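Below is one structure, written out as structure tokens; comments come after it.
The values are calculated or read from the model by the stated rules, or taken from the named source; none is laboratory data. Remember, it's a predicted structure, so these values are computed and weren't measured experimentally. FYI the Cβ positions are ideal-geometry reconstructions off the backbone, even for glycines, and counts take in every protein chain you see.
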Amino acid sequence: MRNGLSGRVHGRLLAGASFIAFSLLPGAVAAQVSSNPAAAAPPEAASATSSDAGADAQEVVVTGTLIRGVPTPTGANLLSVNSQAIQSTGSTSAIDVLNQTVPQLPTLNSVSTGSASFATPVAKIGLRGLGNTSGSASGQTATLVLFNGHRIVPVGILSTDPDPNLIPADALETVQVLPDGGSSTYGSDAIGGVVNFVTKKRFDGLQVNYQHRFADNYNEDNASVLLGTHWATGSVLVSGNYNRHGAIFGRDRDYITSNFLSHGGEDYRQTACGYGNFAVAGTNYVAPGFQSVTSLPRCDQTDNASLTPRERRGNVFAYVEQEIAPSLKFSMDAIYSVRTDKVFSDVASIPVTMTIDASNPFFHPVAGEASQKVSFNYARGIGASRVTPQRFHQYQIDPSLSWNLNDDWQVKGDFLYGKSFAVIRDRTGLNGGAVNPTNVNPYDTSKTSPAVLQNLVNHELYTKGVNTLTSGNVVANGTLFNLPGGAVKVAFGAEIRHQSLDNQTVTGAISDRSGLQKYDASRTIKALFGEVFLPIVGDGNAMPFVQSLTLDASVRYDHYSDFGGTTNPRIGIDWRPTRDLVLRGSYQTTFVAPSLADSGNKIDNRLQVLTIAPSNYLIFIAGSGMNVKPSTGRNFSIGGDFTPSGIKGLKIGATYWNTKVDDLVSLSLGAYGFPGALSTPFNLCGSGFGPVFPASSKGACTAAYINSIQPLWTRLDAGSAPAIHSIADLFSPGN
């Protein structure tokens, strides 16, 4: 074993960032970026000092197929980013690796983060821009994220997605990206494609890395350790990573602004700023000097909001394998991750307009007026930002047994158990009940009583989500017979999977858990699947313009306990007219099951009231629905890759793809008073809202009935009459 100390200096475009790293390495690791993972070292050959650097390619199963030994899924363009490319990016997280290397992502060359709310706390991956990649409360996604070929326990509350950042970047050997559907192999979530994070399996020695990255108003530290060894019949590897970085605010980047005048747009900055302003007889006045102004001062509500949160993250990954007998091998990977964030929101995004008069001790008339309508925000009294703490931790284990029946046939069984916890204390809002037109100084809120201000900020929306994933599957894989073009191979198997989501929520004073509401949902999925690989033309019967011709067909049936069954086939073809050119195509159907957060877990069901006229309101119910069906898709793609043998390293590829998606899961609203409302299952009154919310006994919107649906909080539009402070105010007593 060859050890040495080496230093590396890398540069990265992060508003002028660079970092320094050092490593204690067991030797150089050869790697490359390739669209053919067969051209790169297989996962089992992760290190140059590994005992099986020449691992049998027949053991490799690439993303998008069940067949062992097939270099790429037939009819698809599989991209592979391996360890050297990963290392060259200087990325400290798995999501950053993708954003710097995969052009099929709409987030290429950008920073992906979650939000401060419990809607989208985890950055989503959306190949080809399909699915709800950001900014949507729907829990649905359209890209399946895998870890060593198996699913990752989701994390979150409303949007339950796998968090790719639980995987230490130093533990990654390759990232395989299939920008094509994958439901015939994996089931749900693969309309846009599949991303498979493949870790190192064998490593000898000790590798230590430290990185410090910096940019304008930004610093980041990352430390990692990779330790491994092997013996004649097995190996073990452990990787640990710790990362911390500060927040980047809108004010730190000149391209983040609400003022688009310089680009020919509008100025959307707020006029309700730290010092209050008001108008008297058409003239504007601004505190604290109460001078008249021709134009109001403006404040940018992006300045004090975080683009990236302040974060601390720790990850541990372990892999072990042991040959129990010459034909029987045990392996297991395990991972644990904990992440804490502080997400900053700008107080300027909470503008306030308050009418005051002489009953307010701070009232300051400028022209003998009896009252003023003052616009302001609370930044001077409570600070420019509100901070939302978030904590996520999760763990997962995946033991497996592989039994080689003979040289051709293998049976493999996998068991998976994972659990995640997400706690989000959303403090983007304020306790509006703490203030009134008599106890606030709207000209300068720093002059308001400290007790009032403390009561104002003593407010949070507390949410906790616990996701559990348990699954088991068995796959048989082998050769049926041989043709002149090669071996006809098949794979088939079965899977059973159970998912659950338990949510808790309460709105009120910070750390006050009285009134905590609990919601839960679960489902069981059973699946059967199979695939056949048919090499019609190969080395044994090649002919001019048909050097090879391969067909692959696969199908999977999934049955969900909550909505029933779905069958999804796929057929792919590869035609190689010359050694340097391959033409490919595929057709398949795909589906995305509704998230448990979307289908019955009513943590975010809410009433929304729109004022049509005095005492005339439209009442909406929004949030998760009952009996939500899956989204379905049809994917068609054709393309080709030209790799001229005379020009080393050159590859030219093109792909045309067409994806049609039906029944996208998004926000649904049923309205009381809308034409045809009585026939919709989301109708608040009359037919009721599914089995959880039956129809009102009177067939009308009674106060008691509405409060039974929405006991936690009520969101009223800004145009509501001042007397409307709660749902009960919409009804006369006893109605």
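Points to keep in mind about this one:
- Residue 221 under 21 Å from residue 348 (Cβ atoms) and modelled with pLDDT under 95: no
- Only residues that are buried (at least 16 other Cβ atoms within 10 Å of the Cβ) and touching a Phe, Trp or Tyr at 6+ places or on another chain (Cβ under 9 Å) were counted in the range 393-408, giving 8.
- Residues in the range 316-330 that are more than 22 Å from residue 240 (Cα to Cα) and buried (at least 20 other Cβ atoms within 10 Å of the Cβ): 329 alone.
- Members of the range 415-456 that are farther than 20 Å from residue 511 by Cβ, buried (at least 20 other Cβ atoms within 10 Å of the Cβ) and touching a helix residue (DSSP H, G or I) at 6+ places or on another chain (Cβ under 8 Å): 435, 440, 441, 445, 448
- Some residue of the range 339-346 being β-branched (Val, Ile, Thr) and either crowded, with 17+ Cβ neighbours inside 10 Å or not in a loop (DSSP other than H, G, I, E, B) (or both): yes
- Test: residue 598 is surrounded by 17 or more Cβ atoms within 10 Å (Cβ to Cβ), within 30 Å of residue 179 (Cβ to Cβ), of a type outside the set (Lys, Arg) and at pLDDT 95 or above: no
- Exactly one residue out of 219, 209 is under 26 Å from the mean Cα position of the chain (by Cα) and farther than 22 Å from residue 124 by Cβ: that is 219.
- Matching residues, the range 299-315, being surrounded by fewer than 21 Cβ atoms within 10 Å (Cβ to Cβ) and hydrophobic (A, V, I, L, M, F, W, C): 307
- Identity of the residue in the range 380-422, more than 28 Å from residue 326 (Cα to Cα) and aromatic (Phe, Trp, Tyr), that ends up farthest from the chain's Cα centre (by Cα): 395
- The set of residues from the range 460-490 being modelled with pLDDT under 95, more than 30 Å from residue 551 (Cβ to Cβ) and not aromatic (Phe, Trp, Tyr) comprises 460, 461, 463, 464, 465, 466, 467.
- Taking the listed residues 76, 94, 119, the one that is modelled with pLDDT under 75 and buried (at least 23 other Cβ atoms within 10 Å of the Cβ) is 94, with no other qualifying.
- Just one residue in the set 333, 398, 407, 414 is assigned to a loop (DSSP other than H, G, I, E, B) and of a type in the set (Asp, Glu); that residue is 407.
- Annotation for the range 258-275: at least one member residue is among the small types (Gly, Ala, Ser), farther than 22 Å from residue 388 by Cα and in contact with a Pro (Cβ under 9 Å, 6 or more places away or on another chain).
- Among the residues listed as 193, 240, the single one being surrounded by fewer than 20 Cβ atoms within 10 Å (Cβ to Cβ), under 26 Å from the mean Cα position of the chain (by Cα) and in contact (Cβ under 8 Å) with a residue 40 or more places away in the chain: 240
- When 246, 276, 264 are checked against the criterion of being over 30 Å from residue 310 (Cα atoms) and touching a strand residue (DSSP E or B) at 6+ places or on another chain (Cβ under 6 Å), 276 stands alone in meeting it.
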